[in-house]
């Protein structure tokens, strides 16, 4: 990531990273470690918002493949993202970081509804805001939800923390010698159907000139290195 000063970022975490070394669910110790990284980033003066997937608990498209109605499955997946958001909120607040969860599906008993101006106010006051339940609509991924919120919040970058250290021309877990890109254009990602984020999310980021930085969140301390312009990553941006 070219080291340009950022004021506000959105960090997108795949739900799977919350599993730690488990096969499913939430590993509280691993979530606590992630929260420490978020706090360290916030302590540099950044305004931070998060979106967390729900694949560690339930993935709508997988349920659909097994015969579950896709719309129902997607709503179940949205509820899973709320559970993950609450777990991260708890971990952050144990570290003294004021955090608010806003859900695209109203559930006033457990969190705030998503209201853009309220979210902006929270960020201005130094709170971390976690956006849950995706866009609130079925057939849209949490990647698209992350791109949408990054655009609405006027974020300088969307950082996607995953289990791989960037964007490759093929699956590095299956293809020995797969090539990792340092930088790549939005158009190349879309035309080559590279599995960075879904097409709607990439197109939304391109339309709003939001760079996407893909890196491994599993490597301890990597978030701080990426924000400092160091570490291994791939930046998706418009061609110079």
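The values are calculated or read from the model by the stated rules, or taken from the named source; none is laboratory data. Values in this document were obtained by computation on a predicted structure and should not be read as measured data. A quick note on method: Cβ atoms are made from the backbone with ideal geometry, for glycine too, and the neighbour counts reach across all protein chains shown.
Here are a few things to note about the model shown:
- Subset tally (residues that are surrounded by fewer than 17 Cβ atoms within 10 Å (Cβ to Cβ) and without any contact (Cβ under 8 Å) to a residue 24 or more places away in the chain) for segment 28-44: 2
- Candidate set: segment 189-236, residues that are out of contact with any strand residue (DSSP E or B) (no Cβ under 8 Å at 6 or more places or on another chain), outside any loop (DSSP other than H, G, I, E, B) and without any contact (Cβ under 8 Å) to a residue 60 or more places away in the chain; chosen: the one surrounded by the most Cβ atoms within 10 Å (Cβ to Cβ): 206
- In segment 164-180, the residues that are buried (at least 19 other Cβ atoms within 10 Å of the Cβ) and over 17 Å from the mean Cα position of the chain (by Cα): 168
- Residue 38 passes every criterion in (1) within 27 Å of residue 166 (Cβ to Cβ); (2) more than 16 Å from the chain's Cα centre (by Cα); (3) modelled with pLDDT of 95 or more apart from (2).
- Any chance residue 125 is closer than 20 Å to residue 88 by Cα and touching a helix residue (DSSP H, G or I) at 6+ places or on another chain (Cβ under 8 Å): no
- Hey, residue 158 touching a residue at least 12 places away in the same chain (Cβ under 8 Å) and surrounded by 24 or more Cβ atoms within 10 Å (Cβ to Cβ) or not: yes
- The condition of being out of contact with any helix residue (DSSP H, G or I) (no Cβ under 9 Å at 6 or more places or on another chain) and under 25 Å from residue 212 (Cβ atoms) does not hold for residue 80.
- Going through (1) under 22 Å from residue 15 (Cα atoms); (2) modelled with pLDDT of 90 or more; (3) in contact with a helix residue (DSSP H, G or I) (Cβ under 7 Å, 6 or more places away or on another chain) one by one, residue 238 falls short only on (1).
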